[in-house]
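See below for the structure under consideration.
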Amino acid sequence: MANVNKVIFVGRLTRDPECRTFSNGGKVAKIGFAVTNRRKNSQTGQWEDEPMFIDCEAFNRGENGKLADIIEQYLRKGSLVYLEGRLHLDQWDDKATGAKRSKHKLVVDQMQMLDTRQDGAGRSGPRAGPPAESYNESFGESEPPAAPPAAGANEDIPF
């Protein structure tokens with residue numbers, strides 16, 4: 001049987017991206033991410049939001065990879081985004097106790113910005129970002145935005 005490791009999240013950044021450049025020219029953007037799980041409290045019968053926090057990494061891959069650059073330039077703490085990627089188990093030895101430690105993190109393959117950005121004057125306006133709303137790291141290129149229908153295009157439709 002085939003294995004699948006694919007995760008999709010919609011949530012908000014918990015901190016500004018932290019970027020690091022490698023000696024070979026590569027780059028990684030590390031972000032904290034929060035999503036909310038809803039669950040019913042068995043004692044009160046009320047629905048409760050339970051936050052879940054996950055660390056994420058996005059890389060510039062290949063010649064045309066720019067995912068880490070886009071995250072660094074356009075995302076900030078509180079940004080609402082769609083992330084798609086795969087889980088990776090990070091393991092290390094605790095320096096203080098010597099105990100083995102581990103955590104899961106998301107390695108981002110695709111990212112889409114979902115909210116508008118605040119400009120310097122505090123007014124909400126259109127996001128000043130890349131021409132595409134979505135970035136697909138698998139192909140190393142942005143997906144073109146859908147073209148709006150031409151003015152008057154629906155006037156010939158009889159219904």
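Details
- Scanning segment 55-76 for residues that are in a strand (DSSP E or B) and either in contact (Cβ under 8 Å) with a residue 60 or more places away in the chain or over 14 Å from Ala29 (Cα atoms) (or both) yields Ala58, Phe59.
- When residues of segment 77-95 are limited to those that are in a loop (DSSP other than H, G, I, E, B) and not small (Gly, Ala, Ser), the one farthest from the chain's Cα centre (by Cα): Lys95
- Among the residues of segment 19-65, the one identified as charged (D, E, K, R), within 24 Å of Gln91 (Cβ to Cβ) and at pLDDT below 90 is Arg61.
- Among the residues of segment 14-54, those that are touching a residue at least 40 places away in the same chain (Cβ under 8 Å) and not small (Gly, Ala, Ser) comprise Thr14, Arg15, Asp16, Pro17, Cys19, Lys27, Val28, Ile31, Phe33, Ile54.
- Segment 90-109, subset under 21 Å from Lys6 (Cβ atoms) and either modelled with pLDDT of 95 or more or out of contact with any Ser or Thr (no Cβ under 7 Å at 6 or more places or on another chain) (or both), residue surrounded by the fewest Cβ atoms within 10 Å (Cβ to Cβ): Ser102
- For segment 11-38, filtered to residues that are charged (D, E, K, R) and in a strand (DSSP E or B), the residue that is surrounded by the fewest Cβ atoms within 10 Å (Cβ to Cβ) is Arg38.
The values are calculated or read from the model by the stated rules, or taken from the named source; none is laboratory data. Since the model is a prediction, treat every value here as computed from it, not as a measurement. A quick note on method: Cβ atoms are made from the backbone with ideal geometry, for glycine too, and the neighbour counts reach across all protein chains shown.
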